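See below for the structure under consideration.
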Amino acid sequence: MSPILRPDRVLALALLGLAVGVSTPAAAQPDAAKLYADNCATCHHEARTGGQGPALLPVSLGRIRKTEVVATIRDGRPATQMEGWKDKLSEDEIQALAAFVLTEPKVQPSWTFADIVASRETHPDPVVTKPMWTADPLNITVVVEGGDHHVTILDGDSYEPITRFPSRYALHGGPKFTSDGRYVFFGSRDGWISKYDLWTLTVTAEVRAGLNMRNIALSSDGRWVAAANYLPSTLALFSADDLSPVKVLDVADEKGAPSRVSAVYQAPERKSFVAALKDVGEIWEVSTQGPAPSFEPRRIAVDEPIDDFFFDQGYRHLLGASRDGDKAVVVRLEDGKTVATLPLPGMPHLGSGISFTHHGKRVIAAPHLKEGKISVIDPESWTVIDTITTSGPGFFLRSHEKTPYIWADAMMGRQKDGMQIIDKETLKVSRVLTPTPGKIAAHTEFDRSGRHAFVSVWEMDGELVVYDAETFDVVKRLPMKKPVGKYNVFNKITFSEGTSH
Ligand code: HEC
């Protein structure tokens with residue numbers, strides 16, 4: 001018996017048909033969540049927070065383009081656990097997985113104090129009274145090889161590697177050294193802090209401070225480590241001794257609006273940590289004075305969130321770049337007042353600013369990420385006294401007390417293979433070095449004497465090119481896997497004016 005079809009029923013059936021049609025079409029939409037759980041979660045964690053493989057969250061993958069995510073899933077990464085999936089998954093499934101890992105999870109994964117505690121590992125390090133090798137301990141250069149996540153410890157005189165060891169995934173923000181040059185702390189994108197003993201070549205402690213971290217800082221007395229996190233929005237504090245957590249600050253402005261932390265630095269003259277907050281108009285200063293600091297933040301109000309900053313030589317002022325990338329504000333730390341605003345169009349990158357002596361006066365230089373320009377700033381009048389025109393926007397600047405030049409890359413421009421040598425007196429590019437034609441040249445570091453400069457050929461099959469900083473002759477070439485950063489112990493612990501901190 002056929003039912004009498006009433007108009008409302010017809011509509012309901014039609015709608016039902018439509019709904020069914022959407023959810024189970026003939027060529028089914030891949031169920032990305034299930035594909036992920038079945039194939040990827042073992043290494044990347046069911047909450048995508050990482051494990052054997054890195055975290056796969058938008059905040060972590062933010063800098064990587066979708067095409068690269070797709071290519072990684074399809075083809076894998078050579079010589080790693082990440083194999084290609086093109087033989088096991090269809091192109092649709094690969095695309096769906098890429099979209100899935102680039103989508104915010106419904107519930108943001110959490111990382112509590114208890115998780116931090118549980119993540120910590122310590123390893124006994126041999127008892128020694130001097131380094132287990134013979135190089136000059138203060139002329140050691142630590143090279144972070146981003147290509148395959150390794151660190152090379154280099155003898156700064158012979159340029160011979162002392163050791164090379166696997167690091168956590170994607171170290172960034174620059175390692176921090178204890179003032180005696182013995183220990184170095186690394187921070188990784190996925191929130192790991194590793195403490196490494198250069199004398200015994202041992203990782204002595206590790207802890208996961210957060211799920212996505214920006215950088216770390218070591219207090220001037222060497223007792224505390226601070227970690228700036230994006231996820232969760234925290235500033236986490238640890239004992240530098242064994243990396244045991246001491247306090248985690250949930251970062252939010254006075255009204256309670258949460259904020260990611262863009263960066264944290266130590267201000268040695270002030271015995272404090274200073275943190276840039278990404279989403280709210282505050283800068284935080286956390287005192288590290290006294291035997292048991294309370295780590296209560298001092299809130300410094302600013303008109304707009306500050307992403308990135310630089311201190312003047314005495315750490316009296318902070319120069320901060322605003323997010324819209326066209327100006328910088330100068331905040332006097334003593335009273336928290338904004339004392340000047342500087343026009344700095346083209347995304348100033350203050351985090352890699354340096355100071356140097358120009359006509360007998362100390363000035364500050366900062367590159368711009370969007371323009372082939374370097375701004376030179378007088379920290380007394382807080383005015384831009386000159387703008388150096390370069391062959392393209394660059395990321396890093398380096399100099400040294402003992403050299404008359406600044407070395408600036410142009411890696412964000414069209415002539416990526418050139419390293420520009422800028423005269424500190426004329427403020428002009430006096431020559432351009434090309435370490436390897438056609439390959440990206442970036443990031444210079446000097447040895448402790450300033451006589452030699454190390455330049456990265458920033459490629460998977462890259463190199464570290466050692467230059468004589470006076471004659472500009474190539475002294476040595478060492479193969480390296482994308483050497484993203486190099487750090488000389490002496491220049492770092494003496495706060496050399498030519499390096500960013
Ligand atoms: C056997 C462990 C393992 C499995 C299973 C695995 N991966 Fe990976 N994956 C890794 C490792 C290790 C890396 C880091 C490779 C490197 O060093 O570049 C990685 C890297 C990645 C990256 C690049 C992340 C970045 O930040 O650069 C993506 C994307 C990725 N995997 C997606 C997936 C997806 C999707 C699946 C499931 C189809 C999957 N992976 C399965 C281990 C694994």
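For this structure, a couple of remarks:
- Meets criteria (within 6 Å of the ligand (Cβ to nearest atom), of a type outside the set (A, V, I, L, M), without any contact (Cβ under 8 Å) to a residue 12 or more places away in the chain and open to solvent by less than 90 Å² (accessible area, probe 1.4 Å)) for Thr72: yes
- Some residue of region 75-93 being surrounded by 16 or more Cβ atoms within 10 Å (Cβ to Cβ), in contact (Cβ under 8 Å) with a residue 24 or more places away in the chain, more than 10 Å from the ligand (Cβ to nearest atom) and among the polar types (S, T, N, Q): no
Per-residue answers, yes or no, for (1) more than 18 Å from Ala227 (Cβ to Cβ); (2) within 19 Å of the chain's Cα centre (by Cα):
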position: Asp279; (1), (2): no, yes
position: Val286; (1), (2): no, no
position: Ala292; (1), (2): yes, no
position: Phe309; (1), (2): no, yes
position: Asp312; (1), (2): yes, no
position: His317; (1), (2): yes, no
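- Scanning region 389-403 for residues that are hydrophobic (A, V, I, L, M, F, W, C) and either surrounded by fewer than 21 Cβ atoms within 10 Å (Cβ to Cβ) or in the same structural domain as Phe310 (by TED's automatic domain parsing) (or both) gives a single hit, Phe395.
- Among the residues of region 442-478, those that are part of a strand (DSSP E or B), within 22 Å of His149 (Cβ to Cβ) and among the aliphatic types (A, V, I, L, M) comprise Ala442, Val455, Val457, Leu464, Val465, Leu478.
- Hits in region 298-318 (condition: part of a strand (DSSP E or B) and among the β-branched types (Val, Ile, Thr)): Ile300, Ile306
- Checking each residue in region 29-41 for being over 10 Å from Val101 (Cα atoms) and either assigned by TED's automatic domain parsing to the domain that holds Lys278 or near the ligand (Cβ under 10 Å from one of its atoms) (or both) picks out Leu35, Ala37, Asp38, Asn39, Cys40, Ala41.
- The set of residues in region 58-69 that are near the ligand (Cβ under 9 Å from one of its atoms) and either touching a strand residue (DSSP E or B) at 6+ places or on another chain (Cβ under 6 Å) or more than 20 Å from Leu231 (Cβ to Cβ) (or both) comprises Ser60, Glu68.
- Of all residues in region 428-441, those satisfying the criterion of being touching a strand residue (DSSP E or B) at 6+ places or on another chain (Cβ under 8 Å), assigned to a loop (DSSP other than H, G, I, E, B) and open to solvent by 10 Å² or more (accessible area, probe 1.4 Å) are Lys428, Thr434, Thr436, Lys439, Ile440.
- Residue match in region 120-130 (condition: touching a residue at least 12 places away in the same chain (Cβ under 8 Å), more than 21 Å from Tyr169 (Cβ to Cβ), of a type in the set (A, V, I, L, M, F, W, C) and open to solvent by 50 Å² or more (accessible area, probe 1.4 Å)): no
- Leading residue by the ranking (nearest to the ligand (Cβ to nearest atom)) among those in region 42-57 that are open to solvent by less than 20 Å² (accessible area, probe 1.4 Å) and small (Gly, Ala, Ser): Gly53
- Residue within region 101-117 that is within 16 Å of the ligand (Cβ to nearest atom), open to solvent by 80 Å² or more (accessible area, probe 1.4 Å) and either among the charged types (D, E, K, R) or in contact with a helix residue (DSSP H, G or I) (Cβ under 9 Å, 6 or more places away or on another chain) (or both) present: yes
- Filter result for Thr129 (closer than 26 Å to Leu237 by Cβ and in the same structural domain as Ala209 (by TED's automatic domain parsing)): no
- Listed by position, the strands (runs of 3 or more DSSP E) contained in region 122-198 that have at least 2 residues being closer than 19 Å to Ser449 by Cβ, within 16 Å of the ligand (Cβ to nearest atom) and of a type outside the set (Ser, Thr, Tyr) form an empty set.
- Given (1) more than 26 Å from Ser375 (Cα to Cα); (2) crowded, with 23+ Cβ neighbours inside 10 Å, number of the condition Glu285 does not satisfy: (2)
- Enumeration of residues in region 58-80 that are modelled with pLDDT of 95 or more and not acidic (Asp, Glu): Val69, Val70, Ala71, Thr72, Ile73, Arg74, Gly76
- Ala276 vs. criteria closer than 19 Å to Val384 by Cα, open to solvent by less than 70 Å² (accessible area, probe 1.4 Å) and not assigned by TED's automatic domain parsing to the domain that holds Phe495: no
- Here Ala96 passes the criteria (1) closer than 16 Å to Ala37 by Cβ; (2) within 14 Å of the ligand (Cβ to nearest atom); (3) free of Cβ contacts under 8 Å to residues at least 24 places away in the same chain except the one numbered (3).
- Boolean, Val151 is of a type in the set (Val, Ile, Thr), modelled with pLDDT under 95 and either touching a Lys or Arg at 6+ places or on another chain (Cβ under 8 Å) or surrounded by fewer than 14 Cβ atoms within 10 Å (Cβ to Cβ) (or both): no
- Exactly one residue out of Val248, Val207 is farther than 20 Å from Ile493 by Cα, in contact (Cβ under 8 Å) with a residue 24 or more places away in the chain and crowded, with 22+ Cβ neighbours inside 10 Å: that is Val207.
The values are calculated or read from the model by the stated rules, or taken from the named source; none is laboratory data. Being a predicted model, the structure only gives us computed values, none of them experimental. A quick note on method: Cβ atoms are made from the backbone with ideal geometry, for glycine too, and the neighbour counts reach across all protein chains shown. Areas reflect the complete protein model, heavy atoms only, side chains present, ligands, DNA and RNA absent. Shrake-Rupley method; radii C 1.70, N 1.55, O 1.52, S 1.80 Å.
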